[in-house]
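Structure first, commentary second.
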Amino acid sequence: MELVRTQNVVKRQGAQFSLGPVDLALRSGEVLGIVGSPGTGKTTLLKLIWGFLRPDQGMVSVFHSQPHLNQMFVRRQTGYLSESPSFDVCMTARHHLQFMSQYYEGWNEARVASLLSLFDIDPGKRIQDLSHSDRIKLALISATGHNPFLLLLDNPMARLDNSARNEVSEFLKSLASDCGIGIVVSAQNFSDLFQLADSTLILNGGKTQ
């Protein structure tokens, strides 16, 4: 099933930067990598797919719907991980996930518990006491606790240690292959997506290569 398609998409950010035109397609169970240095438009493209931004030109389709016009419909079926996830660091991991569960009707407590165990995160531990890698893992649990069909991940591998990078990569591959989830994941380096992405879109100065 096709989850995402963009056709001739352009987004202008002020007078200095323009993303596009960008054409891409993503089906269930596929992993699309978006690679580029900082400021090349990776986050802008993810936000267009998420519906946070609207295109200045062209078409974005997510679940055969325009995401900026149908944000709630898209977000109920999508998980999003920003490049710098925000937390109330005084919360425990458990309380953070309970807070997130309020926003998703399909929140799966059993799945969340199994992911906490998989990533070896103590649910009673305060977020301020978690490592950076464990915070990213917690953010991934938050993004997948409602059993989404689509995941949008903005540079999740940045600053992970090698063990966590491998762990997260294996987890994402299993979501795609075993659960049929479509994933769009950005990175600054090809090495961060090694053996993860089925296809790769390269951005340079907002243009595809």
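The values are calculated or read from the model by the stated rules, or taken from the named source; none is laboratory data. No experiment lies behind these values; they were computed from the predicted model shown. All Cβ positions, even for glycine, are placed from backbone atoms using ideal geometry, and neighbour counts span all protein chains on display.
For the list (1) touching a helix residue (DSSP H, G or I) at 6+ places or on another chain (Cβ under 6 Å); (2) surrounded by fewer than 19 Cβ atoms within 10 Å (Cβ to Cβ), I need the number of the one condition that residue 15 fails. Every listed condition holds for residue 15 apart from (1). Contact map, region 186-197: first residue touching a residue at least 12 places away in the same chain (Cβ under 8 Å) and in a loop (DSSP other than H, G, I, E, B), second residue β-branched (Val, Ile, Thr) and crowded, with 21+ Cβ neighbours inside 10 Å, Cβ cut-off under 8 Å, separation 6 or more or different chains; pairs are 188/35; 189/35; 196/31; 196/185; 197/31; 197/185. Pairs are defined by a Cβ separation below 9 Å, a sequence spacing of at least 6 or placement on different chains, a first member in region 1-12 that is within 11 Å of residue 206 (Cα to Cα) and free of Cβ contacts under 8 Å to residues at least 60 places away in the same chain, and a second member that is basic (Lys, Arg) and surrounded by 15 or more Cβ atoms within 10 Å (Cβ to Cβ); the pairs so defined are 11/47.
Considering region 53-65 alone, what residues qualify as being part of a loop (DSSP other than H, G, I, E, B) and surrounded by 16 or more Cβ atoms within 10 Å (Cβ to Cβ)? If you could, list the steps in order and put the result at the bottom.
Looking only at region 53-65, we keep the residues that are part of a loop (DSSP other than H, G, I, E, B), and these are 53-56, 63-64.
Hits for region 53-65 are 53, 55, 63.
Every condition in (1) surrounded by fewer than 16 Cβ atoms within 10 Å (Cβ to Cβ); (2) in contact (Cβ under 8 Å) with a residue 24 or more places away in the chain; (3) charged (D, E, K, R) is met by residue 165 except one, and the failing one is (1). Filtered by the rule that a residue be out of contact with any His (no Cβ under 7 Å at 6 or more places or on another chain) and under 14 Å from residue 87 (Cα atoms), region 119-132 gives 125, 126, 128, 129, 130, 131, 132. Among all positions in region 61-71, there is at least one residue which is under 20 Å from residue 200 (Cα atoms) and at pLDDT 95 or above.
Okay, residues lined up against (1) under 25 Å from residue 120 (Cα atoms); (2) of a type outside the set (A, V, I, L, M, F, W, C); (3) part of a strand (DSSP E or B); (4) within 15 Å of the chain's Cα centre (by Cα):
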{"residue": "157", "(1), (2), (3), (4)": "yes, no, no, yes"}
{"residue": "160", "(1), (2), (3), (4)": "yes, no, no, no"}
{"residue": "164", "(1), (2), (3), (4)": "yes, no, no, no"}
{"residue": "169", "(1), (2), (3), (4)": "yes, yes, no, yes"}
{"residue": "172", "(1), (2), (3), (4)": "yes, no, no, yes"}
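Looking only at region 75-89, decide whether some residue is surrounded by fewer than 14 Cβ atoms within 10 Å (Cβ to Cβ) and over 16 Å from residue 153 (Cα atoms). Spell out the reasoning first.
Here is the first cut: in region 75-89, the residues surrounded by fewer than 14 Cβ atoms within 10 Å (Cβ to Cβ) are 84, 86, 88-89.
If we keep only those that are over 16 Å from residue 153 (Cα atoms) as well, we get 88-89.
Yes: one or more hits.
Within region 22-52, the residues that satisfy the criterion of being buried (at least 16 other Cβ atoms within 10 Å of the Cβ), over 15 Å from the mean Cα position of the chain (by Cα) and assigned to a strand (DSSP E or B) are 22, 24. A single entry from 47, 125 fulfils the requirement of being under 28 Å from residue 190 (Cα atoms) and of a type outside the set (S, T, N, Q): 47.
Among the conditions (1) within 23 Å of residue 182 (Cβ to Cβ); (2) in contact (Cβ under 8 Å) with a residue 24 or more places away in the chain; (3) out of contact with any Asp or Glu (no Cβ under 7 Å at 6 or more places or on another chain); (4) part of a loop (DSSP other than H, G, I, E, B), the only one that residue 89 does not satisfy is (1).
When we screen 113, 143, 176 for residues that are surrounded by fewer than 21 Cβ atoms within 10 Å (Cβ to Cβ), farther than 25 Å from residue 52 by Cα and not basic (Lys, Arg), the only hit is 113.
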